[in-house]
Amino acid sequence: MKIYTTLLVLLLTISINAQDKYFTKSGNVSFFSYTLVEDIKADNNQVLSIIDAKNGEIVIKILMRSFQFKKALMQENYIESHKYPKAIFKGTINNFETLDEIKETEIIGKLTIRGIEKEVIIKTNIERQKNKISLKGDFSVKVSDFDIKIPAVVSKNISRTIKISFDLNYKPYKS
Amino acid sequence: MKVKIIIGILITFIIVIFLGIKQYNKPHIDVSKTAANYKLSTNELIKEFIIDENIADKKFANKIVEINGTILEISTTNGKGIVTLAGNEANVICQLNEKENKKIMQLKKDQNIIIKGQCSGYLMDIMLVNCIIK
């Protein structure tokens, strides 16, 4: 009898854990380019992301065209969104199991922009509550890492390193 | 004679610079004043993306789409109104243009609505940006 109870409890915990996914469809990712000539900023509020609370795996998907610039010209398009409509990040949140309340951690993973994959380490603030996870932070990428070609005419207006900031608020995923 | 040529060159130069700056600063498409490239229902749009995402992406990307559908959810993120239209296999998430934010107060769940916006593609749902409510 005892064995059955233990088994039942075990099974229950496993099935509960299996549903332990958190997601957002309206995450915010922005990027900034600062130069002496011009500051450029673009916002994307339609970021999709899922965290698997079992192991801290995280997937982030971004539609390039959802970035909103101040100037229309910048919308089109050194990033070639017709060929590469999405940017994808896949990684793991370090020490995910031991995190509760506000802490800092790192996410290690692969960022794919324009079909080019790069390993990145992202420092993030993480807040984990029962029905909520939020990630907030920023990191920088080099334009040259993703083979983004900037026309000579505007080369002074666009920085060689782009700052990317993110603010993602997850809720439990109901399937 | 020489003076005239110099003035001519100068004027051309100024015009070129002026046009260049104007081009660089040109405004975004005004969705409300631009005719829709496609008019269809929420489910018709979703179906095209589910059948073949690549083809649908090429067809609808950055195009102005006018869709009619039923409101599933109304919310705001970062000061931007978001209206989600219900579909069978996915939804359509419409991020409103800032000028439209006031209208969000009058909207209700399950209400039928026509929304016009720029299609930016498909993740789990179809995304529209720069939307206006008709």
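Every read-out reported here was derived from the displayed coordinates using simple, explicitly stated rules and does not represent laboratory data. These figures come from a predicted structure and were not determined experimentally. Don't worry about glycine lacking a Cβ; one is built from the backbone with ideal geometry, like all the others, and counts go over all protein chains shown.
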Over chain B, relative contact order from alpha-carbon pairs under 8 Å, at least 6 apart, %: 23 percent
Note to self: C-alpha centroids of the stretch B:93-134 and the stretch B:53-81 sit apart, in Å, by 6 Å
Say R0 is 22 Å: what FRET efficiency, to the nearest 0.05, do B:K108 and A:Y173 get from their beta-carbon distance? 0.25
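Checking a compactness column here: for the stretch A:20-172, what do you get for Rg(Cα) / (2.2 N^0.38 Å), N being the number of residues?
Details: Rg = 15.9 Å, N = 153, 2.2 N^0.38 = 14.9 Å.
That works out to 1.07 for the stretch A:20-172.
Mean separation of Cα pairs under 8 Å and 6+ residues apart, divided by the residue count of the stretch A:20-172: what relative contact order is that in percent? All intermediate terms of the calculation are to be shown ahead of the outcome.
Working: 365 pairs, mean separation 40.0, N = 153.
The normalised contact order for the stretch A:20-172 reaches 26 percent.
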If pairing requires two Cys Cβ atoms under 4.7 Å apart, which cysteines of the protein assembly as shown are left without a partner? B:C119
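Please state the charge dipole magnitude for the protein assembly as shown, taken about the Cα centre, from unit charges on C-beta atoms (+1 on K and R, -1 on D and E), reported in debye and rounded to the nearest 20. Display every interim value, and only then the final one.
Values: 46 positive and 33 negative charges, 205 e Å.
The dipole of the protein assembly as shown has a size of about 980 debye.
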When the helices in chain B are scored as -39500 (n - 2.57) per DSSP H run of 4 or longer and the sum is shared across all residues, what 222 nm value do you end up with, to the nearest 500 deg cm²/dmol? -10000 deg cm²/dmol
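Could you give the dipole magnitude of the stretch A:20-172 about its Cα centre, charging the beta-carbon of Lys and Arg +1 and that of Asp and Glu -1, in debye to the nearest 20? It would help to have the intermediate numbers written out before the result.
On the way: 26 positive and 20 negative charges, 89 e Å.
The calculation lands at about 420 debye.
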Sketch the reach of a paramagnetic label on A:E119 as a point 7 Å from Cα along Cα-to-Cβ, and name the residues of the stretch A:138-169 whose backbone nitrogen lies under 18 Å away. A:140-142, A:145-146
To the nearest Å, what is the center-to-center distance of the stretch A:117-175 and the stretch A:38-59, using C-alpha atoms only? 7 Å
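Just how large is the dipole of the stretch B:84-134 about the Cα centre, in debye to the nearest 20, putting +1 at every Lys and Arg Cβ and -1 at every Asp and Glu Cβ?
Numbers: 7 positive and 5 negative charges, 65 e Å.
Once rounded to the nearest 20, the dipole reads 320 debye.
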